[in-house]
Amino acid sequence: MIRVLKMRHNKFQIQISYTFVQEMNNMRVFKFGGASVNSAEAVRNVASIMQRYGHEQIVVVISAMGKTTNAFEEVVFAAFYKRKDISEKIRTIKDFHCNIIQDLFNCSNHTVLQYVNDLFEEVEKMSLHPDAGYDEIYDRIVPSGELLSTHIVNSYLHEKSFSTAFLDARDVIKTDDRFRDASVQWDDTLNLVSQRVSGIFQDRRVRFIVTQGFIARTMDGRPTTLGREGSDFTASVFAHCLGATEVVVWKDVEGLLNADPVYFDDTVKIDKISYREAIELSFYGAKVLHPKTIKPLQNKKIPLKVKSFSNPDGKGSVVQESSLSDHLVPCFILKQNQMLISFASKDFSFIAEEKLYHLFGEFNRLNIKVNLMQNSAISFTICVNHPGEKLEPLLKNLSDGFDIKYNENLELLTIRHFNDEVIDKYLKGCKIFLEQRSRRTIQVAFKR
């Protein structure tokens, strides 16, 4: 017997068969990052990984190819400040994708090329005539990277006889209008994801749904993004809404490492950590996962695996409930291009609640995230990623009430489960600008 679950939201009703809800509980969500789709050969490798799971139904979340997001960010900057090289920057991105298409399909007139041409025409129009604030223009242009990658990958999988369906994530991931760092509207998103995914998978021939990470829309249709590296978060949103059995993030490393191998030589793979520890590491800036990724999974106790796309048979790492292994290895997070900014009361009054409210209101308005903070009686200091074009309005808007000093080109090192030997090894000889310790964590703003 098939029972029907009825869920009401506002004025519409969604019906999902009980048996299909049970099947969704056996579903996985895969996420492939930019490095896993940065060339034609990489796309072929994605297909070979998916071939292993051809009997399952999987939602596949894909990021922009390679460094495409960075490239589109340059287009936004050039558009907003009316630089003359906009068309050249757009052409470079287009050529990169067209070369991949040519290699994958070995033809110069594949149908996916028409989509690519149309998309870049729209990008050029938006770039030459920006009509909104910087962050809103960003969220109109930069998501083009995810749309390009998913159309190319989906077309290739279809060409290789995979049973796939394309889903525009913006149709189901709904957010507020905080551009570049939007918050998910969970009730609307839960209903839309459940409705669309169940509808697609009712066709038993469909094995994979290909969709985008990072991108979303407001309920009134304006494009938004979920924050830099937000594709991990998108995968966890889908998993949460579908009650998936697990999320697998495919990366260019063997699993979770205790440090970024770009900056540290003696990295160690972490086989298992808890949700709580993963949240702590991502909060401090560990690049392996987006900070918002873990909570939706923890709420439903859905494990997250990090595996290597170049070694799919490897065990990888898993994020789950148990915290027994969390303290075994020190973990390091290094952030570069940091700025230390100090605000001192001009009238020598205390930096108390009223002044902090004023300061944080301005940080929030400009969407400046604080990585480290410390206050004394009459001054308050923060360490932030260099705010770029937002520095001038920040200084201007706060200069009436505060004397402001800042240092640029700093680095911020965070060490979880530190000891004195570890601190000496990595900070010996450095000039320390700010240091803060807790029981398990030390953060140091420094210059080499």
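The values are calculated or read from the model by the stated rules, or taken from the named source; none is laboratory data. These numbers were taken from a predicted model, which means no experiment stands behind them. Cβ sites come from the backbone with ideal geometry, for glycine too, and all protein chains shown count toward neighbours.
At negative phi, at pLDDT below 95, among the acidic types (Asp, Glu) and not assigned by TED's automatic domain parsing to the domain that holds residue 367: is that true of residue 188 in this structure? Considered against the rule, which asks whether it is at negative phi, at pLDDT below 95, among the acidic types (Asp, Glu) and not assigned by TED's automatic domain parsing to the domain that holds residue 367, residue 188 comes out as no.
If we keep just the residues of the range 203-219 that are part of a loop (DSSP other than H, G, I, E, B) and either among the hydroxyl-bearing types (Ser, Thr, Tyr) or modelled with pLDDT under 95 (or both), which is nearest to residue 169 (Cα to Cα)? Steps first, answer last, please.
Applying the first criterion (part of a loop (DSSP other than H, G, I, E, B)) to the range 203-219 yields 203-207, 213-214, 219.
Those still in the list that are either among the hydroxyl-bearing types (Ser, Thr, Tyr) or modelled with pLDDT under 95 (or both) too: 203-205.
Numbers: 203: 19, 204: 21, 205: 21 Å.
Filtering first and then ranking leaves 203.
For first residues located in the range 307-330 and closer than 21 Å to residue 441 by Cβ, partners that are of a type in the set (S, T, N, Q) and crowded, with 19+ Cβ neighbours inside 10 Å and lie 6+ apart or on another chain with Cβ distances below 8 Å form the pairs 329/258; 330/258. Among the residues of the range 168-189, those that are part of a helix (DSSP H, G or I) and crowded, with 18+ Cβ neighbours inside 10 Å comprise 169, 170, 189. The one condition from (1) of a type outside the set (Gly, Ala, Ser); (2) assigned to a loop (DSSP other than H, G, I, E, B); (3) touching a strand residue (DSSP E or B) at 6+ places or on another chain (Cβ under 6 Å); (4) over 30 Å from residue 136 (Cβ atoms) that residue 348 does not meet is (3).
Go through the residues of the range 321-335 one by one and say whether even a single one is of a type in the set (Phe, Trp, Tyr) and surrounded by fewer than 16 Cβ atoms within 10 Å (Cβ to Cβ). It would help to see each step written out before you state the result.
Going through the range 321-335, the residues of a type in the set (Phe, Trp, Tyr) turn out to be 332.
Checking which are surrounded by fewer than 16 Cβ atoms within 10 Å (Cβ to Cβ) leaves us with none.
No, there is no match, as no residue in the range 321-335 is of a type in the set (Phe, Trp, Tyr) and surrounded by fewer than 16 Cβ atoms within 10 Å (Cβ to Cβ).
Taking (1) closer than 19 Å to residue 30 by Cα; (2) assigned to a helix (DSSP H, G or I) in turn, residue 165 satisfies each apart from (2).
When you check residue 155 against the structure, is it among the small types (Gly, Ala, Ser), within 22 Å of residue 206 (Cα to Cα), in contact (Cβ under 8 Å) with a residue 12 or more places away in the chain and surrounded by fewer than 17 Cβ atoms within 10 Å (Cβ to Cβ), yes or no? For residue 155, the condition - among the small types (Gly, Ala, Ser), within 22 Å of residue 206 (Cα to Cα), in contact (Cβ under 8 Å) with a residue 12 or more places away in the chain and surrounded by fewer than 17 Cβ atoms within 10 Å (Cβ to Cβ) - is not met. If you go through the range 336-366 one residue at a time, how many are among the small types (Gly, Ala, Ser), loosely packed, with under 15 Cβ neighbours inside 10 Å and touching a residue at least 24 places away in the same chain (Cβ under 8 Å)? Residues that pass the stated criteria total 1. Tell me which of these residue 59 doesn't satisfy, since it passes every other one: (1) modelled with pLDDT of 95 or more; (2) closer than 20 Å to residue 204 by Cα; (3) β-branched (Val, Ile, Thr); (4) part of a helix (DSSP H, G or I). With (1) modelled with pLDDT of 95 or more; (2) closer than 20 Å to residue 204 by Cα; (3) β-branched (Val, Ile, Thr); (4) part of a helix (DSSP H, G or I) applied to residue 59, the lone miss is (4).
The residues of the range 408-432 that are surrounded by fewer than 17 Cβ atoms within 10 Å (Cβ to Cβ) and part of a strand (DSSP E or B), listed by number, are 408, 409, 431, 432. When the residues of the range 190-230 are narrowed to those that are buried (at least 20 other Cβ atoms within 10 Å of the Cβ) and among the polar types (S, T, N, Q), which ends up farthest from residue 56 (Cα to Cα)? Out of the qualifying residues, it is 224.
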